[in-house]
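The values are calculated or read from the model by the stated rules, or taken from the named source; none is laboratory data. As the structure is a prediction and not an experimental result, all values here were calculated from the model. As a convention, Cβ positions derive from the backbone with ideal geometry for all residues, glycine included, and neighbour counts pool all protein chains shown. With ligands, DNA and RNA removed, areas are computed over all heavy atoms of the protein, side chains included. Shrake-Rupley method; radii C 1.70, N 1.55, O 1.52, S 1.80 Å.
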Amino acid sequence: MRIDPIILRARRLRPRRILPQAVSRRGRRLWAVLRRLWRRSLQFRVVGITLSLSAALVLAFSYTVASLISNGVLQNKIDQTKILVDNGAAYATRELTGFTQRDDPGLPSALSTVETQLYGSIGNQDSQVVMLRRGGSLKAFWPPTPRNPNVMDDPQLHDLRNLVVGAKSGTYQQIATLDINNGPQKYLVMGTPVAVGGYPIELYYIIPLHAEDELVQFTGAVVTGTGIALVALLALIAAMMTRLVVTPVRVAARTAQRLSAGLLDQRMVVRGEDDLARLAAAFNQMAANLQRQIVRLEEMSRLQRRFTSDVSHELRTPLTTVRMAADLLFASREDFDPAAARSAELLQAELDRFESLLTDLLEISRFDAGFAALDAEPTDLVPVVRRVTDQLGSLAERCKVALQVVVPDGEVIAEVDPRRVERVLRNLVGNAVEHGEGKPVIVTLAVDSAAVAVTVRDHGVGLKPGEEKLVFNRFWRADPSRARQTGGTGLGLSISLEDARLHGGWLEAWGAPGKGAQFRLTLPARGGDRLVSSPLRLVPDDARADEAALIGEMP
């Protein structure tokens, strides 16, 4: 069977590609874990910073100490060797003074004798003493030593030999790794010229640095080990000290979370009298005060809701009686004199307003008590919108406001409570008509795959910055002194907001002084769905165009 070499090559390369990818994934995963710990753990950050700074300081200190010790040991060895070289050069000069001829037959034996004496004065068997006689050129030399006659031919020592050959006096040194006896080792090579008969002789001392190198390595190992132990100890101390501070903070955070979840009886344990103990005591005092205040507010709210509900229900009976009497007077007003007839009409209008206020108060009490229920069913919103505009047509005629309705051609089906949606639209359209300043009010209905939306746009006085949130507060009015056509209760928009929330929808407002306002109601098309967007924009297109034109005119 024949195997394609390309396939075989791919099979060989595949494991090499998988390994770096796996390492990369593990590295990214580890980096993500470390970043998450750095963001979320104060103790990890403190220990990490302490470890980094202490490691940098210990590294600098260890490097300095090791350098000082190494330089000191080496300098001491150099000084000792220099003394040996100087003494050896002086001895060689005395012993070879009588040889004035280059080819003197007694010179080789004298050189060997001097070399032997110098070697014996070192007292170290691993050392070397080499004496070379220089001829007419740098390469014409004669090594008389039988131990290692070629040691000075090492390329590492060429620069040193050049210095010694070119000098008339002085001592020169070099540290080199040479293979003389027991493998490559560090040696201190120091040389000096010795003048004999007009032809200088090169004198070299080759001193091993075994002991010094071992001392430096031992010192480096001790300093490194001490530094690592010191860094680990500092990290441990930082972790322990940080834990003493972080633990109460974490306990306070957990206690605060329990308090925010409604467990108002949670407290921190106070130990000792230090700052953390005072912090725990202050936290407990704050929690106790908050608990008392929340319980007090809840009791007041409960009493307020009960008072509103009781008063609203208790007023129903006398209101019904007064309504019957007022209806009788209003039906017979034609038989009264003009002043009494006008009084009957005013009584009827105020009773209507009072009954509307009472109805709103009862609805608010249901929302506050949590008894409001949603009776949702698939509903076509197009008839709902048209029904609301038809009902408020007479009000629009009195205010000289034109109502414009923009709805899709087909049906707009959504699972809503039609009664509540109609009430919301009635409040929005009624407010727009009353604040429209005689300008058109546009009601727009739109739908998409997830939501339905209705916007009510007026071109009246508009809203000041920040009032788009205040309009939904109870009994709030933008201009309390301004005359109204129907005398609203001040609860319509707050009830509308609760109706929208009950559907899981939004009720939002936009407005600008002199440019009118727009309210947008957005409801999910299917009950229980979560809204993420609306089919209609909150800011009207004409307002966006005005802002774009204003920006374009700016210099």
| Going by the structure shown, is Glu299 among the acidic types (Asp, Glu) and outside any helix (DSSP H, G or I)? | no
| task | Tell me, please, whether a residue that is farther than 14 Å from Ile364 by Cβ, at pLDDT 90 or above and over 42 Å from the mean Cα position of the chain (by Cα) can be found in region 445-456. | result | yes
| query | Looking at (1) open to solvent by 50 Å² or more (accessible area, probe 1.4 Å); (2) farther than 19 Å from Asn427 by Cα; (3) modelled with pLDDT under 90, which is the one condition that is false for Gly410? | reply | (1)
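In this structure, is Arg316 without any contact (Cβ under 8 Å) to a residue 60 or more places away in the chain, open to solvent by less than 70 Å² (accessible area, probe 1.4 Å), among the basic types (Lys, Arg) and part of a helix (DSSP H, G or I)?
For Arg316, the condition - without any contact (Cβ under 8 Å) to a residue 60 or more places away in the chain, open to solvent by less than 70 Å² (accessible area, probe 1.4 Å), among the basic types (Lys, Arg) and part of a helix (DSSP H, G or I) - is not met.
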| request: Specify which of the listed residues (Leu315, Leu290, Leu319) is at pLDDT 75 or above and more than 48 Å from the chain's Cα centre (by Cα). | output: Leu319
| With (1) farther than 30 Å from Ala414 by Cβ; (2) open to solvent by 70 Å² or more (accessible area, probe 1.4 Å) as the list, and Glu377 as the residue in question, which single condition is left unmet? | (1)
| said: I'd like the full set of residues that are over 22 Å from Lys77 (Cβ atoms) and open to solvent by 20 Å² or more (accessible area, probe 1.4 Å), limited to region 174-229. | reply: Ala195, Gly197, Gly198, Tyr199, Pro200, Thr224, Gly225, Thr226, Ile228, Ala229
| From the list Val245, Val216, which residue is modelled with pLDDT under 80 and not charged (D, E, K, R)? | Val245
| message | Which count do you get for residues in region 498-521 that are of a type outside the set (Asp, Glu) and more than 17 Å from Ala376 (Cα to Cα)? | response | 13
| query | So which of Arg474, Arg457 is over 22 Å from Val388 (Cα atoms), of a type in the set (D, E, K, R) and outside any helix (DSSP H, G or I)? | reply | Arg474
| query | Can you find even one residue in region 101-120 that is free of Cβ contacts under 8 Å to residues at least 24 places away in the same chain and open to solvent by less than 10 Å² (accessible area, probe 1.4 Å)? | reply | yes
| In region 413-436, what residues are of a type in the set (A, V, I, L, M, F, W, C), within 17 Å of Val452 (Cβ to Cβ) and surrounded by 20 or more Cβ atoms within 10 Å (Cβ to Cβ)? | Ala414, Val416, Val421, Val424, Leu425, Leu428, Val429
| query | Looking at region 378-396, is at least one residue modelled with pLDDT under 85 and within 28 Å of Phe475 (Cα to Cα)? | reply | no
| field | Which listed residue, of Glu377, Glu415, Glu437, Glu422, is touching a residue at least 60 places away in the same chain (Cβ under 8 Å), of a type in the set (Asp, Glu) and over 16 Å from Ala509 (Cα atoms) | value | Glu415
| Residues satisfying the stated conditions in region 477-499, i.e. in a loop (DSSP other than H, G, I, E, B) and either in contact with a strand residue (DSSP E or B) (Cβ under 8 Å, 6 or more places away or on another chain) or modelled with pLDDT of 85 or more (or both) | none
| query | Do we find a residue being at pLDDT 70 or above, out of contact with any Lys or Arg (no Cβ under 9 Å at 6 or more places or on another chain) and more than 17 Å from Lys186 (Cα to Cα) anywhere in region 131-148? | reply | yes
| message | Suppose the filter is of a type in the set (Val, Ile, Thr), in contact with a Phe, Trp or Tyr (Cβ under 6 Å, 6 or more places away or on another chain) and either open to solvent by less than 40 Å² (accessible area, probe 1.4 Å) or not in a helix (DSSP H, G or I) (or both); does Val443 pass it? | response | no
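For (1) acidic (Asp, Glu); (2) in a loop (DSSP other than H, G, I, E, B), each residue gets a yes or a no:
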position: Arg501; (1), (2): no, no
position: Gly504; (1), (2): no, yes
position: Leu507; (1), (2): no, no
position: Phe519; (1), (2): no, no
position: Thr522; (1), (2): no, no
position: Val532; (1), (2): no, yes
position: Pro535; (1), (2): no, yes
position: Leu538; (1), (2): no, yes
position: Asp542; (1), (2): yes, no
| Do you know which of the residues in region 331-355 that are basic (Lys, Arg) and farther than 21 Å from Gly492 by Cα is most open to solvent (accessible area, probe 1.4 Å)? | Arg342
| request: Please find, within region 254-277, the residue that is modelled with the highest pLDDT out of those that are touching a helix residue (DSSP H, G or I) at 6+ places or on another chain (Cβ under 8 Å) and under 30 Å from Arg474 (Cα atoms). | output: Leu259
| note | Among strands (runs of 3 or more DSSP E) entirely within region 152-227, at least 1 residues that are free of Cβ contacts under 8 Å to residues at least 60 places away in the same chain, in contact with a strand residue (DSSP E or B) (Cβ under 9 Å, 6 or more places away or on another chain) and not aromatic (Phe, Trp, Tyr) occur in 172-179, 184-194
| query | What residue, of Ala232, Ala280, is touching a Pro at 6+ places or on another chain (Cβ under 8 Å), open to solvent by less than 70 Å² (accessible area, probe 1.4 Å) and modelled with pLDDT of 80 or more? | reply | Ala280
| message | Show the residue pairs meeting these rules: Cβ distance below 6 Å; 6+ apart or different chains; first residue within region 509-520 and among the polar types (S, T, N, Q); second residue open to solvent by 20 Å² or more (accessible area, probe 1.4 Å). | response | Gln518/Trp510
| Looking only at residues in region 245-269 that are touching a residue at least 12 places away in the same chain (Cβ under 8 Å) and open to solvent by 70 Å² or more (accessible area, probe 1.4 Å), which one is nearest to the chain's Cα centre (by Cα)? | Val249
